[in-house]
Structure formats: C-alpha cells, structure tokens
Amino acid sequence: MVNVAQIASNAPVEETSVAARPTVRGKFLYVGKEKFWVRGVSYGTFLVDENGEERLTREVVQRDFALMAANGFNVVRVHTGPPRWLLDVALENGLRVMVGLNWGEHMAFLGEPGKVDAIEARIRRWIRVCAGHPAVFCYSIGNEIPASIVRWHGRRRVERFIERLYRAAKEEDPDALVTYVNYPSTEYLRLPFLDFVSFNVYLESQPRFEAYLARVHSLSDDRPVLLSEIGLDSLRNGEERQAAMLDWQVRAALRLGCSGVIVFAWTDEWYHGKYPVEDWAFGLTTRDRTPKPALRAVTRAFAESPFPPGCPWPKVSVVVSSLNGASTIRDTLTGLEQLDYPDYEVIVVNDGSTDATPQIASEYQVRLITTKNQGLSAARNIGIRAATGDIVAFIDDDAYPEMHWLRFLALALMDGKYVGAGGPNLPPPEDGWIADAVASAPGGPNPVLLGDTVAEHIPGCNMAFRKEALEAIGGFDPVFRTAGDDVDVCWRLRDRGGIIGYAPAAVVWHHRRKSIRKFWKQQVGYGKAEALLERKWPARYSSIGQLSWLGRIYGRGVSRDFSLLGGRVYQGVWGTAPFQSLYESRGSRWSLALAPEWYLAIALLAGMFILSIGWAASLILGPTLLVAVAIPIAQASIGARHATFVVEKRNRRWSLVGLRLVVLFLHLMQPMARLTGRMRGGLTPWRRRGPKTRPRFRRTHMTYWRDEREPPEETLRKLQAQLLDTGAIVRTGGDFDSWDLEVRGGALGGSRLLLAVEEHAPGKQLLRFRIGPRYAKSAVVLSAVFASMSVAALGSGAWVAGGTTAAVAAFVVARAFSDAGFAGGILRERLERFGAT
C-alpha cells in the first residue's frame, strides 16, 4: 500500500491510520496532525437494479480498490449510498470513501408534495448504513443540481433545501464532513454551512483552468477547495491527450492550493441507471481494467505534487517584529520552526520589549536583534536590512503559520509577475468564543482584492515582498508605529507599477482579541492609523474621511449593507451561460450607515430633535432620528445573521444565539471605536489639509505667457504634483467634467480650476486659468434645513430653538465660504509661484 502521508509531504514520515477521520483546519484537511491531500478517483455508477442499488461484487471491488491503493490513490468517490461491506474493503486497502448521496437532482424536487421529505428520508437511510465507519471521508448531499432546475425553484429555496440536507446528515453522523458538489453553471449558490467546497470543473485550457480555480477559492470563504471531478474522454481525444491533460490538471490544482483532486473515473465501465454508456471513455482503465497511459500520468502527478521535486526554491527571510509579545510569540516561533521549506531564516526584531519576549526568542534558532522602541515600521526596516533572502516575509508575533505557508507564498512570487504576495489570516479555532465572535466582526485584518489573484492590500500579519522592491521604495514609513504600514507600503508599490498577488493557500493563524475591551482598543488604534494614512494620502479619502478601496474586502466580518441582500445572477439568455455568477454591489448609499461618521450624523439629528421638542418639527425629526438609528442596527443584524462560527460545527444552538448577539454588538461598537481613533488622530469632517494662505472667495482669472510650447496635460500634471507637495487635497476632473483640477478646502467647500491654452507665434503659449469656488451639496442642504427650522421655530414662538438653529445655519454657510476661500487661496498662490498674473 502506498504511504499517503509520505506522498503528501514529499518526505518519509510515519504512516497515518485510516481509522482517524479527516477534519477541516482552515484551507486544508487534516488527519490527526498530518495534512491530508485528497488523491481521489471516481468509481461508478454501475448497473442499478430495480431497488435503485448498484450491483457490485466484493471480489471486483477488492481488486479495483487494491489497484487504486497501489497507484497512490487515497480516496474513492462513489455516487450512491454504498453497502457497509464496501467501506470495509476500502478500509482494508487504506482508502477513504467520498459517499455520494445522489437523490435525483435533475428533477424539479421542490414542486412535488412530499418529495422533499422523501429525499431527506432517503439521505438519512443511506447515512445510517455508513454512520461511524472510519473509512468514510465525507458525505456529498448532492451533485450538480442543473442550472435550469435552480432557476425554476429560485436560488434561495435551493440553498435552504441543501442546508436542510446538511443538517440531516450532521444529525445522523455528527463527526463526518459534509459537502455539496457544485459546478460552474450554479456557482452563485451560497452555501456557507458546508464543511468544505467541492466543484466539478471541466476545462481543457490550462490558463482558463487555473483562472477558474482562483475563482473557486474566492467563493470558498477560506474553506478547503476540493476538485471533486476532472477528466477527459479518451474516446474522442485519444489516450495520450487524456494522460497529458490530467497530468497538468492534477499538478495545477494542488499547486494552487486545492485540498485535493478526484479524477473521473476509474474505469470506462459506466452505467446510467440500467443502461450502459458506451459513447465515452473517461476511465483511467478500460472496461476490463487494463490501465491507460492516464493512470500512470495521474499516479506520477499525485506523487510529485503539490510541490514539484527539484524546484529551485528562493531563500526567504521571515521577519517578526515584537513589542511585549511574550504571551503569543512562542506559538509564532514554534510554527516557524516547523515550516516545511528548504531555505529560510527567521529574524526577530525585539522592539524595546519589557517582558520576556527576548528570553523566549533566544530559545529558538533565530537571529535576535534588540533595539529601543521605535515602532512597527522601523522594526520591520531593521529586519529588511538584516535579511539575506531574496524574499522578505512578515508575520506578526500574535500569529503562527500553516506548515506550507512559505511554499505557497514563494510559488506566487516565483513566476516574476508579482512584487509581493499575501494570503488569508484565519482565527485559530481553539481561541474561545469571544475571539470567535471578534473574528466575525468588522474591522479585522482583511485583504482587499482587485480580482481573484491580485490584491490592492494584504495585511501585515501575512505578507511577503521581493527584497529589491522594498529597498526601491525605502522600506516602511516609520511614521506608522503600530498600524497602517502595510496599507502604505502596498499603495507605494502599486504606484510604482508593482502588482501584488494573493495566494489563498498561504495561510497563517492569527489570534483575534479575546475581550471586548481589547477589541475596542485595537479599533481605536486602527482609527488613528487611518488618520495617519489620510494625512499622507489625502486624495484617497472622501471629504468626510471615508477611504474608497478600489477592490473588495475579503474574508470574515465584512460589514453588509442592504444592497448585498440580493445580488443579480448572470445566467445568460434563457439561462444558457456555462459560467453563472452572482454579482453584488461593491457599495451603495446604504453603506454610508456603516461608516463611523454616521454616528456624527446621529448626534446631529439628536441635537436637532432636542431643539425641536415642544413644537411641530419634532414630529419630523423624531421619526427621522429613529430611522437613522435603526438603519445601522438593521445592517448589523444582517452581519450577525450571516456570521459563521466554529461552535456552529458542534451544533450548539444556545451558543450560536449568544454569539450572534455579541457580533451584533461588535458591529455597532466598531464604527464608534474607529471614529474615536480617527478624531484623536485629526481625521475629522471639519479638517483642512494644505498650507496656510490668504483666502480667495471670488472667481479669479489669471494668465501666463511662456516661450516654449508644452501640452496642457503636462502643465496640469506638474501643477497637480506641486499642489500635492504642499499637502493640499487635489483631484482631477473626469471624462464628463468641465473643470481640470479641484482642491478640497474642507468638507463643505473647495475650488476648481479650468485651463485654456492659446497658441501664438513664434512657438509661444498664453495660458488662461479660471478659479471658481465650489460648495458641497451637504452645505446647501444643511444650511437650508437649519434655516427652515429657524423660521419655523421662531414662528412657533420657540425663541431658543429658533436662535440656535439660525446660528447653526449661519455657521454652515460661513464654513462653506471659508472652505472654498481656503482652497481658492491655495490655487491662486500656487499659480502666482507658477508665474501667472
């Protein structure tokens, strides 16, 4: 029998007992402490009798299973509930069985009375036969429900039905893994309750195949991805082409982080019910079990995957910066010590710790550098200078890596396309219920993805860069002492044309905060880091201080607004699209209620309501205030409802209710904490950025003669760069704008510039600049609202309220004029230095 564990690690290890059942840990499957790579093959379906049972003889099954084991397979996928003796034969041969519970998915199963109950009863009956058997790898509670059937019943009804089957399977065999086998035509089904994600993928182009695997990883929600079926018909394509394609497909799937592959099928003997299928030949063996070239190719590909032998792995320097990390750094260093990577070093930068951090680090084979406390960025720069590897990887002292972390990061960087790469950081399942709730709350260290393989931002607890790329930008900016450094370095690398990759299998386990007080403190710190980022990158933030990511935030705990409840399924004309995806809005107006500044709006409304008490305006402001409060509560409830937890897998319903209430509270608390940090750091809606200057309130015309011609676009680029150097917030006009540059004076106003160029002989140009104030719509609305309130209050005899609201309206108007004048002064002063008059 082939030693599965030995193949998995490409190194000799002790044999893993089949008696232990696989478990899910992050993106991978484990048996005990050993990672379990699924090297599987599909078996059947064979001739079905009048009772719907496959006709199988023990002797044939024994011969087939023995030959599978001899060729390195460790999982066999069957498509109907097997007899228990088949599981015994699998166990004897060191195989595990993926038990397919196919119940007639091609039918409109939700439309016939009593059909759902009958399907569930059949599922339960099949599982009872197999329950508790050590050879069971998992149960598949369905296979490729056709897109037309899903379309007929509706996506949500089908999702609820599959969840019902999942719950039934867990009740019958609680310790077993349960999945559903999906395919590209219904990839839009959202099934977060499954233990791992399974997809049947038939793509003969390697670039398209690899791109779709990245897509499936994006759909997986950081769960293991199993390719439950790949194959090629040798009858139409030839046996040699079948072997060649399966060879690269197996290698690509495991190299790109799938937890395993199941090849369709073991033999060309295949039945559709009682009828033999003879017009295709997907088997690795013929009907009489004569091996095809594909069997040898698949066996070799499995044995040499996921990490190809003889690969020239680059040296990696792993940098750990620590300030008083004694409570967790031992896990970090132990995990780094156990990495499966041929050439790496660990550098620990002790950033002025006053606890036992340096003593703990000295117990491991690391390079320990002790400095006075200078902050996270400075410590990481020290690590970069000390690094001797071509790649510098970073991990936090409250995280620890999965054993193949560096291999998957290195694979992402080795093709030369990326200057950096990162992967998911997952909460350890043993950290307790509060950490589990915090992991499902917003504000965590989530990556921001521009696509399935390209990131805008990767968190600092799991990132790696080419050393030369870091040196080219001068490393990390020391102004970021505790957070924000990873965002800044990603933006700077991208601005230089660098591409940052995302490797979904490069996993680290990152401890979340284990108390609500620590979570609050963390979010306040993140808010301060946002203020620092806004000061350096003002153009990336809105007038109220909101950062607009180009990509989408990926991972657990992402806030959900009302626009994400639905989504549109791309189905093609008449539902004929072979790849059908769910398209959701990346953001909407509803998302404003998730912003920290929404709490300022609530405070403003509350103040207005208090002023309106005793006169008619309270009848409008009271309900408005209630709606403003209710919207974030409703959206937090949506987030709590969709949260997933470790305890959910244990079916502890009472725990789930409590966890969802805690997550609801954290959803509401997190924006308040961020707002507190932002305001402490100076990121307020009334902030101003730019040099001190004399305000200019009126529209201004200026001219400038020059003797050498220059494209106006180049002139505007130079002017924009000079304005940015002064610290001003500048943005360029768009395709449909009648202005060229805008300087933001504040939240309520700014100034815009328009350039016209006259061409004169000989080679001269006259530049005409027009500067005009711009007032924000919010300024107009707020001033109008408060002015109307003042008139109404005074008319009702509410003199205090009337006077107060009139003063507020006057303040808004004055502030808008002041913001616009401030921006106009910056533009005029810069043009005067430019030489304009």
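The values are calculated or read from the model by the stated rules, or taken from the named source; none is laboratory data. These figures come from a predicted structure and were not determined experimentally. Quick reminder, even Gly has a Cβ in these numbers, built from the backbone with ideal geometry, and neighbours come from all protein chains shown. Side chains are part of the model used for accessible areas, which takes the heavy atoms of the whole protein and leaves out ligands, DNA and RNA. Shrake-Rupley method; radii C 1.70, N 1.55, O 1.52, S 1.80 Å.
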field: Positions within segment 122-156 being assigned to a helix (DSSP H, G or I) and either within 30 Å of Asn93 (Cβ to Cβ) or modelled with pLDDT of 95 or more (or both), in sequence order
entry: Arg122, Ile123, Arg124, Arg125, Trp126, Ile127, Arg128, Val129, Cys130
field: Positions within segment 467-483 being open to solvent by 10 Å² or more (accessible area, probe 1.4 Å) and in contact with an Asp or Glu (Cβ under 7 Å, 6 or more places away or on another chain), in sequence order
entry: Lys467, Asp477
Selected residue (criterion: surrounded by the most Cβ atoms within 10 Å (Cβ to Cβ)) from residues of segment 40-62 that are hydrophobic (A, V, I, L, M, F, W, C) and over 17 Å from Ala90 (Cα atoms): Phe46
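When you scan segment 759-771, do you find a residue that is assigned to a helix (DSSP H, G or I), open to solvent by less than 70 Å² (accessible area, probe 1.4 Å) and either touching a helix residue (DSSP H, G or I) at 6+ places or on another chain (Cβ under 8 Å) or of a type in the set (Phe, Trp, Tyr) (or both), even just one?
Scanning segment 759-771 turns up no residue that is assigned to a helix (DSSP H, G or I), open to solvent by less than 70 Å² (accessible area, probe 1.4 Å) and either touching a helix residue (DSSP H, G or I) at 6+ places or on another chain (Cβ under 8 Å) or of a type in the set (Phe, Trp, Tyr) (or both).
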- prompt: Inside segment 403-456, can you point out the residues that are open to solvent by 10 Å² or more (accessible area, probe 1.4 Å), under 24 Å from Gly551 (Cβ atoms) and among the acidic types (Asp, Glu)?
  reply: Asp415, Asp452
query: If you go through segment 350-375, how many residues are assigned to a loop (DSSP other than H, G, I, E, B) and aliphatic (A, V, I, L, M)?
result: 2
- request: Scan segment 715-741 for residues that are buried (at least 19 other Cβ atoms within 10 Å of the Cβ) and part of a strand (DSSP E or B) and jot them down.
  value: Ile729, Val730, Leu741
task: Could you tell me which of the residues Pro192, Pro184 is open to solvent by 10 Å² or more (accessible area, probe 1.4 Å), within 27 Å of Asp268 (Cα to Cα), touching a residue at least 60 places away in the same chain (Cβ under 8 Å) and not small (Gly, Ala, Ser)?
output: Pro184
The lone exception for Arg687 - which of (1) buried (at least 19 other Cβ atoms within 10 Å of the Cβ); (2) assigned to a helix (DSSP H, G or I); (3) touching a residue at least 60 places away in the same chain (Cβ under 8 Å) it fails: (2)
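Do we find that Ala393 is buried (at least 17 other Cβ atoms within 10 Å of the Cβ), touching a His at 6+ places or on another chain (Cβ under 6 Å) and among the hydrophobic types (A, V, I, L, M, F, W, C) in this structure?
Values: buried (at least 17 other Cβ atoms within 10 Å of the Cβ): yes; touching a His at 6+ places or on another chain (Cβ under 6 Å): no; among the hydrophobic types (A, V, I, L, M, F, W, C): yes.
No: the conditions fail for Ala393.
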message: Among the residues of segment 92-100, are any within 29 Å of Trp574 (Cα to Cα), without any contact (Cβ under 8 Å) to a residue 40 or more places away in the chain and either not in a helix (DSSP H, G or I) or not aliphatic (A, V, I, L, M) (or both)?
response: no
- line: Scanning segment 304-313 for residues that are surrounded by fewer than 17 Cβ atoms within 10 Å (Cβ to Cβ) and either small (Gly, Ala, Ser) or in contact with a strand residue (DSSP E or B) (Cβ under 7 Å, 6 or more places away or on another chain) (or both) gives Gly310
- prompt: Any idea which of Ala787, Ala806, Ala779 is touching a residue at least 24 places away in the same chain (Cβ under 8 Å) and either within 45 Å of the chain's Cα centre (by Cα) or not in a strand (DSSP E or B) (or both)?
  reply: Ala779
- prompt: Within segment 332-345, is there a residue that is surrounded by 24 or more Cβ atoms within 10 Å (Cβ to Cβ) and farther than 28 Å from Lys35 by Cβ?
  reply: no
query: Taking segment 548-574 as the search range and keeping residues that are in contact with a Lys or Arg (Cβ under 8 Å, 6 or more places away or on another chain) and open to solvent by 70 Å² or more (accessible area, probe 1.4 Å), which one is modelled with the highest pLDDT?
result: Arg552
task: Working carefully through the options Ala577, Ala595, find the one that is open to solvent by less than 30 Å² (accessible area, probe 1.4 Å), at pLDDT 75 or above and touching a helix residue (DSSP H, G or I) at 6+ places or on another chain (Cβ under 7 Å).
output: Ala595
- request: Scan (1) open to solvent by 10 Å² or more (accessible area, probe 1.4 Å); (2) aliphatic (A, V, I, L, M); (3) in contact (Cβ under 8 Å) with a residue 60 or more places away in the chain; (4) in a loop (DSSP other than H, G, I, E, B) for the single condition Ala176 breaks and write down its number.
  value: (1)
query: Restricting the first residue to segment 138-152 and requiring it to be buried (at least 23 other Cβ atoms within 10 Å of the Cβ), which pairs with a second residue that is in a strand (DSSP E or B) and among the small types (Gly, Ala, Ser) meet a Cβ separation below 7 Å and a spacing of at least six or different chains?
result: Ser140/Gly100; Ser140/Ser198
